[in-house]
1. Of everything in the range 359-387, what is in a helix (DSSP H, G or I) and either at positive phi or in contact with a His (Cβ under 8 Å, 6 or more places away or on another chain) (or both)? Give them in sequence order.
2. How many residues are farther than 24 Å from residue 336 by Cβ, in contact with a Phe, Trp or Tyr (Cβ under 9 Å, 6 or more places away or on another chain) and of a type in the set (Gly, Ala, Ser) if we restrict to the range 406-460?
3. Which ones in the range 340-356 are farther than 17 Å from residue 305 by Cα and in a loop (DSSP other than H, G, I, E, B)?
4. Would you confirm, using the coordinates I've provided, whether residue 422 is surrounded by fewer than 21 Cβ atoms within 10 Å (Cβ to Cβ) and among the basic types (Lys, Arg)?
5. Show the residue pairs that are 6+ apart or on different chains and have beta-carbon atoms under 9 Å apart, the first residue being within the range 359-382 and touching a residue at least 12 places away in the same chain (Cβ under 8 Å) and farther than 21 Å from residue 410 by Cα, the second being surrounded by fewer than 13 Cβ atoms within 10 Å (Cβ to Cβ) and among the aromatic types (Phe, Trp, Tyr).
6. Among the numbered criteria (1) part of a loop (DSSP other than H, G, I, E, B); (2) free of Cβ contacts under 8 Å to residues at least 12 places away in the same chain, which single criterion is violated by residue 450?
7. Within the range 388-397, how many residues are of a type in the set (Lys, Arg) and not in a helix (DSSP H, G or I)?
8. Restricting to the range 132-146, count the residues that are of a type in the set (Val, Ile, Thr) and either within 21 Å of residue 175 (Cα to Cα) or modelled with pLDDT under 95 (or both).
Amino acid sequence: MMKAFHTIAIPHKDILEGRLTMDVFAADLWEVHKQRGPAEYKDADIFFSKTYLTEGLSNLLSVIKKRLAGQGADPIIQIQTPFGGGKTHSLIAMYHKAKEWGAKRAVIVGTGLSAKDTLWGILEKQLTGKIEKLSGDTSPGKEAIRELLYSNQPVLILMDEVLEYATKAAGVSVGKSTLASQTIAFIQELTEIVSALEKACLVVTLPSSIIEHYDASAEKLYQQLQKVSGRLEKIYTPVQEYEISNIIRRRLFSRIDENEAKEVVSGFFDYAEREKLFPLGIEPNEYKKRFLDSYPFLPEVIDVLYHYWGTFPTFQRTRGVLRLLSLVVYSLKQSHNPYISLADFDLGNQEIRQELLKHIGAEFNGVIASDITGKTSGSKKVDMSLGDAYQGLGLGRRASTTIFMHSFSGGQEHGVTMLDIKRLATTIGNPASVVAEAVEQLRGKLFYLHSSADKYFFNN
């Protein structure tokens with residue numbers, strides 16, 4: 001008998017207690033700088049205990065540390081996060097480390113500023129406590145900036161959401177210019193000064209996705225900001241896709257007994273080998289390695305959330321995945337499941353259901369109730385008809401939940417093959433062919449279940 005996953009991968013206290021509001025997963029550099037928000041972010045010890053240091057982030061921190069110590073390294077860094085996630089987290093890591101290294105910190109977050117603020121005024125106030133030499137609405141020029149930064153070395157400047165600020169500043173006239181144009185002039189001067197100083201480092205983030213830009217004038221501003229910061233910067237990506245599993249595990253679980261995890265994964269591996277359940281196009285040993293990396297989640301849990309649900313513009317990949325998985329872990333904390341599959345997502349749980357419906361529409365409430373979770377749903381009928389040996393396993397519901405989770409994406413990809421349904425919906429200890437039998441029965445009993453080519457999916 002395999003152990004329950006939550007006795008092997010011990011969830012963090014906030015997960016076990018159900019403190020799962022979105023703000024717990026919403027990193028905000030400005031809030032941290034103001035000493036507000038969840039302890040997960042503003043307390044350095046708690047922050048690093050729940051943060052998986054990716055290769056990219058470790059590399060970034062070592063580059064900044066060298067720069068602030070006057071040992072060369074890149075003066076201007078731009079962060080890009082193509083997988084949606086890691087940007088703000090990386091900035092907060094730098095913010096905490098800079099203090100540890102004895103450097104001064106300046107934080108400029110566009111969403112926290114109004115058009116009455118100037119970037120140079122904010123910079124001077126944070127480093128000296130007052131706005132004196134860098135006042136006014138026109139960029140102060142290189143000499144004034146140099147004097148401020150030179151006397152406050154080592155100094156780390158973190159700039160986030162600059163485009164948001166520049167968009168607001170475009171509405172402020174400064175003589176025949178605008179505050180946005182002055183801001184771009186300032187950033188150009190700032191990058192030149194930081195590059196010339198020994199112990200100064202500037203980290204800038206710009207959105208990598210066109211969706212995040214606002215209108216034609218914002219697009220023009222974006223191009224100008226890219227051009228200005230791009231002359232001297234080096235671009236870093238703090239998170240690679242293969243590291244996502246580790247980030248999720250570190251955030252959701254306080255510790256994982258790797259030996260116990262290996263036993264579960266090996267047990268599943270032997271079962272999948274006997275039942276011929278491995279996905280096509282991947283070597284069995286490679287699948288085993290991926291499962292070890294993602295345990296207690298089957299690898300497909302993270303794949304489907306990232307590559308199907310994560311393609312919706314409304315789905316914030318890292319934050320959305322963490323929120324949803326934390327709800328799933330919480331809902332299973334009394335279960336005996338040795339691992340978590342997509343079939344374990346309880347669509348009858350209102351919080352889990354709402355997390356999904358916000359991306360696909362409330363009309364799917366009816367689909368879920370009539371076909372999957374309702375007392376008279378087709379899935380429940382199939383559960384009851386599979387024979388005494390399998391009735392307690394809920395294989396009809398597990399199969400239909402697996403199909404539902406594969407049915408939606410912001411792109412073209414949707415649907416799931418019978419092989420994948422069998423692997424994800426089965427429970428170790430019974431022949432996977434029973435899942436195939438359940439799917440055949442579901443086809444005759446579910447109103448909204450469709451199939452095309454070799455894939456199954458829900459459609460309203």
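1. Looking only at the range 359-387, we keep the residues that are in a helix (DSSP H, G or I), and these are 359-360, 364-373, 378-385.
Selection gives nothing.
2. Residues meeting the conditions: 6.
3. Our first condition is that a residue be farther than 17 Å from residue 305 by Cα; within the range 340-356, this holds for 348-350.
Those that are farther than 17 Å from residue 305 by Cα and in a loop (DSSP other than H, G, I, E, B): 348, 349.
4. Numbers: surrounded by fewer than 21 Cβ atoms within 10 Å (Cβ to Cβ): no; among the basic types (Lys, Arg): yes.
So residue 422 does not fit the description; no.
5. Pairs that qualify, where the first residue is touching a residue at least 12 places away in the same chain (Cβ under 8 Å) and farther than 21 Å from residue 410 by Cα and the partner is surrounded by fewer than 13 Cβ atoms within 10 Å (Cβ to Cβ) and among the aromatic types (Phe, Trp, Tyr), are 370/447; 371/447; 378/447.
6. (1)
7. Here is the first cut: in the range 388-397, the residues of a type in the set (Lys, Arg) are 397.
Filter again for not in a helix (DSSP H, G or I), leaving none.
So the count comes out to 0.
8. If we filter the range 132-146 for residues that are of a type in the set (Val, Ile, Thr), which is where we start, we get 138, 145.
Subsequent filtering for residues that are either within 21 Å of residue 175 (Cα to Cα) or modelled with pLDDT under 95 (or both) retains 138.
Adding up the residues that qualify gives 1.
The values are calculated or read from the model by the stated rules, or taken from the named source; none is laboratory data. Remember, it's a predicted structure, so these values are computed and weren't measured experimentally. All Cβ positions, glycine included, derive from the backbone under ideal geometry; neighbour counts span all protein chains shown.
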